[in-house]
Amino acid sequence: MFQESLSSFCTTPPLYLTILDLSRNLLAGPLSDCWGKFQRLEVLNLANNNFSGRIPNSFGSLQQIGRIHLNNNEFSGSLPTWVGHNLHHLIVLRLGANNFEGNIPASLCNLLFLQVLDLSENKIAGEIPQCLGHIIALSNSKFPRKTMLYTKSRYFNYYSEEFVFFDEATLAWKGKDREYGKILGLMTSIDLSCNHLTGEIPQSMTMLVALAGLNLSENNLTGVIPSNIGHMQMLESLDLSKNHLYGRMPSSFSNLTFLSYMNLSCNNLSGKIPVSTQLQSFDASTYEGNNGLCGSPLTNHCPGDVVSTTGSTDKNGTNEDEDELITIGFYICLGFGFCVGFWGVCGTLLIKTSWRHAYFRFFNNMYDWMYVSLVVFTARMKTKFRVQD
């Protein structure tokens, strides 16, 4: 429940500070520009406070910083361009739920080790930089990752005991906010949702083959979904909802075999939904708001599809029972076969007298044989029961 500003923090000696976690307090006001003296700082977590103003430029001198959590505050101004130039070890950058404006600086693409980027719920405009596809940690599926993001300090107390700090973060994942701790180091996620981004989804983003979560929802993105989106085979969560995307869903969607959550609703997509185990397993709400989409799991069928229904009603208001095998040709073949079979037998019997006599003689003999067999069997059974009595 700490309150007011953090200005007095600048008067403290740098010591060997490696972790600063003041998250979930009531701290407010701007941050002083004095962070250059904390050169050993690896984790900075000021999330869930009421800090405001711009991010101090001295943040750019934190050479060892690996995780920055400034989300859920009231920071404003443009996103700092120095982030990608100076912070070479940054793994987690969370600036979501603030009041940042302007464009996404291309310098962010220099964060080669970045695994988690959260810029959601701001006022960021402009286009998504093409160079985001060059982030090595997200474009190389064999990039080495830490099972746990932790920091060790040997300056915990006067006895130099070792202290281990595990970093945590709340990420929007598969449509829900989830807390990640020990497995945060394995996460790969980009969240740019709830901004004012425009333009198309860059084709270069499909180079992020190690990305597991991508959220671009609630923006003003236009154009088509990149045709080679299927290259992002590690995707587990994809949200492109509430944009202005149009065109067909690329057939490469069927390559996303790990996809367990997807939301494409409220766009202008059209055409048939590609067939795959994942795409047909999603609820119809995944595709709602795209009036041009058709095919399973939606109820509206695509033109040219053969539909099987029971008790349906045609355009004249009469009930009809359609099946993909029961067509006009089926009835024609059925009638022709009946005529051939019937007259092939009966016609022969009418024309050929000897065959007709043999035919009826066969049935007479069959009747006599069955009658005699039944009488003999009955007599034997009576004799058998009489002997037993």
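The values are calculated or read from the model by the stated rules, or taken from the named source; none is laboratory data. Here the structure is a predicted model, which is why all the values come from computation and not from measurement. Reconstructed Cβ throughout: ideal geometry from the backbone, glycine too, with neighbour counts over all protein chains shown. Keep in mind that these areas ignore ligands, DNA and RNA; they rest on the heavy atoms of the full protein, side chains included. Shrake-Rupley method; radii C 1.70, N 1.55, O 1.52, S 1.80 Å.
Some values worked out for this structure:
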read-out	value
Restricting region 33-55 to residues that are part of a loop (DSSP other than H, G, I, E, B) and open to solvent by 40 Å² or more (accessible area, probe 1.4 Å), the residue that is nearest to N73 (Cα to Cα)	N48
Residues of region 175-194 classified as of a type in the set (G, A, S) and more than 23 Å from S241 (Cβ to Cβ), total	2
Number of positions in region 20-32 that are surrounded by fewer than 18 Cβ atoms within 10 Å (Cβ to Cβ) and outside any loop (DSSP other than H, G, I, E, B)	5
Among residues of region 125-145, those that are outside any loop (DSSP other than H, G, I, E, B), under 21 Å from the mean Cα position of the chain (by Cα) and over 24 Å from S217 (Cβ atoms), counted	0
Residues that are open to solvent by less than 10 Å² (accessible area, probe 1.4 Å), in a strand (DSSP E or B) and farther than 21 Å from S141 by Cβ, drawn from region 176-223	L197
Test result for G347, assigned to a helix (DSSP H, G or I) and modelled with pLDDT under 70	yes
Out of I332, I326, sole residue that is surrounded by 10 or more Cβ atoms within 10 Å (Cβ to Cβ) and modelled with pLDDT of 75 or more	I332
Sole exception among (1) modelled with pLDDT of 95 or more; (2) exposed (fewer than 15 other Cβ atoms within 10 Å of the Cβ) for T277, by number	(1)
Among residues of region 56-86, those that are touching a strand residue (DSSP E or B) at 6+ places or on another chain (Cβ under 8 Å) and part of a loop (DSSP other than H, G, I, E, B), counted	7
All positions within region 280-290 that are outside any loop (DSSP other than H, G, I, E, B) and surrounded by 15 or more Cβ atoms within 10 Å (Cβ to Cβ)	T286
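Residues checked against (1) in contact with a Lys or Arg (Cβ under 7 Å, 6 or more places away or on another chain); (2) under 22 Å from G175 (Cβ atoms); (3) of a type in the set (F, W, Y):
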| residue | (1), (2), (3) |
| --- | --- |
| V209 | no, no, no |
| G213 | no, yes, no |
| S217 | yes, yes, no |
| Q233 | no, yes, no |
| D239 | no, yes, no |
| H244 | no, yes, no |
| G247 | no, no, no |
